[in-house]
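A.B. asks: One structure is given below, represented as structure tokens, and several questions about it will come after.
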Amino acid sequence: MYSKLIAAFFLILSIHLTFEQDTGNNPGSYEIREHSLNRPYPSVFSTANSYWHLTGNTLVTDRHIRLTSDSQSKAGGLWNIIPVSYPDWEMHVHFKVHGTGKELFGDGFAIWYAKDPKLGGPIFGYQDHFHGLAIIMDTYSNHNGPHNHAHPYISAMINNGSLHYDHDRDGTHTALAGCEAQFRGRDTDTLVAIRYQNDRLTVSTDIEGKNIWKECFAVPDVRLPTHYYFGFSAATGDLSDNHDIISVHTYQLETSEQRRTENRRNIIPNAPSAEPERPHTDDPKGSGWSALKIFVLIIFLILVCLVVGIGAYYYFDKRQYQRKRFY
């Protein structure tokens, strides 16, 4: 009996030490069970005690929560229904984006801290003019003109309900910050960490299987209220991919007494360092061909050439046969 107690003690100690390593050795932090997910997802399957709500085409297995399958015109969401009452938090998301497409695939998914959960819309399966924070994991460049970065691309957007996310420009005009991250189709585990502490937003990735966080970007002076909701959404159009959420670990971080007692419910989401929204401008004429249109055109031309070639072959073969009959 004593051996079992000792073993249990060391097991709990090892879990505690592992957690401290994951959250940056912050002794005042601890995981929030209601805002976390682990396989085989009992908090999703259990209708009586579920903290999560599924929308659209989302499917749940004991291995992953699939926001969209590798099919066209799908949209899905996964939303936590418990508002976040603590001001400082960190979320680790284990995800996987993959599919059969080698050159053409899309569009990606988004991680939300938003005022209104469980809604659908045009921004990776969620509504436009939202209130809150979006971390956008974009895998396809919809912009026909040149970008100053490659895809896949991770970016952040802060919205107070007044901004429009320009999907045709990949949200470039309203992005707070971003970085390139080749997270699609990897054999290694792919994870992203989002930390919001003392009005500083930091996003890091671990996509190379090294169990080391690499900072993507950090932005100070980001103001977010409490009592918003965590969520995930994805959408496919003409292009598609599997967008899977595998696990979510959310931690309440150590907070100063001032922030803990401050009424943050009515804070309007804002980030002074964010660029103001710029007007939408049309692409220059002659650059309106997307990669998908070019691909379809090439296939069409190949089929036309095959039909013409086969037709010409049979025509000349028949002519040659008729000539032989006259001789």
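A.B. asks: Report yes if some residue within the stretch 293-307 is touching a His at 6+ places or on another chain (Cβ under 8 Å), modelled with pLDDT of 85 or more and either open to solvent by less than 90 Å² (accessible area, probe 1.4 Å) or under 30 Å from ASP189 (Cα atoms) (or both); otherwise report no.
C.D. replies: No; the residues of the stretch 293-307 include none that is touching a His at 6+ places or on another chain (Cβ under 8 Å), modelled with pLDDT of 85 or more and either open to solvent by less than 90 Å² (accessible area, probe 1.4 Å) or under 30 Å from ASP189 (Cα atoms) (or both).
A.B. asks: Which condition number in (1) under 27 Å from ASP206 (Cβ atoms); (2) touching a Leu at 6+ places or on another chain (Cβ under 7 Å) is the one that GLN127 fails?
C.D. replies: Exception for GLN127: condition (1).
A.B. asks: Hey, another quick one. State which residue pairs qualify: first residue among the basic types (Lys, Arg) and inside the stretch 118-133, second residue surrounded by fewer than 23 Cβ atoms within 10 Å (Cβ to Cβ) and part of a strand (DSSP E or B) in any location, beta carbons under 6 Å apart, and separation of 6 or more residues or different chains.
C.D. replies: LYS118/HIS53; LYS118/THR55; LYS118/TRP79
A.B. asks: Just give me the residues in the stretch 220-245 being open to solvent by less than 10 Å² (accessible area, probe 1.4 Å), of a type outside the set (S, T, N, Q) and either farther than 25 Å from GLY77 by Cβ or assigned to a strand (DSSP E or B) (or both), in sequence order.
C.D. replies: PHE230, GLY231, PHE232, ALA234, HIS243, ASP244, ILE245
A.B. asks: Would you mind stating whether ASP199 is farther than 17 Å from ILE136 by Cα, free of Cβ contacts under 8 Å to residues at least 24 places away in the same chain and open to solvent by 20 Å² or more (accessible area, probe 1.4 Å)?
C.D. replies: Judged against the criteria, ASP199 is not a match.
A.B. asks: For residues in the stretch 247-259 being in contact with an Asp or Glu (Cβ under 8 Å, 6 or more places away or on another chain) and in a strand (DSSP E or B), which is farthest from ILE294 (Cα to Cα)?
C.D. replies: Selected residue: GLN252.
A.B. asks: I would also like to ask the following. Right, VAL192: more than 22 Å from HIS94 (Cα to Cα), out of contact with any Pro (no Cβ under 7 Å at 6 or more places or on another chain), at pLDDT 95 or above and surrounded by 16 or more Cβ atoms within 10 Å (Cβ to Cβ) or not?
C.D. replies: Taking the combined requirement at face value, the residue does not satisfy it.
A.B. asks: Is there a residue in the stretch 74-90 that is open to solvent by 30 Å² or more (accessible area, probe 1.4 Å), over 23 Å from ILE267 (Cβ atoms) and touching a Phe, Trp or Tyr at 6+ places or on another chain (Cβ under 7 Å)?
C.D. replies: Looking through the stretch 74-90, none of the residues is open to solvent by 30 Å² or more (accessible area, probe 1.4 Å), over 23 Å from ILE267 (Cβ atoms) and touching a Phe, Trp or Tyr at 6+ places or on another chain (Cβ under 7 Å).
A.B. asks: How many residues does the stretch 60-90 contain that are free of Cβ contacts under 8 Å to residues at least 40 places away in the same chain and of a type in the set (A, V, I, L, M, F, W, C)?
C.D. replies: 1
A.B. asks: Something else now. All but one of (1) open to solvent by less than 40 Å² (accessible area, probe 1.4 Å); (2) at pLDDT below 75 hold for HIS16; state the number of the condition that does not hold.
C.D. replies: Failed condition: (1).
The values are calculated or read from the model by the stated rules, or taken from the named source; none is laboratory data. Computed from a predicted model, the values in this text were never measured in an experiment. Positions of Cβ are backbone-derived with ideal geometry, glycine not excepted, and every protein chain shown enters the neighbour counts. Only protein heavy atoms, including side chains, enter the accessible area calculation; ligands, DNA and RNA are left aside. Shrake-Rupley method; radii C 1.70, N 1.55, O 1.52, S 1.80 Å.
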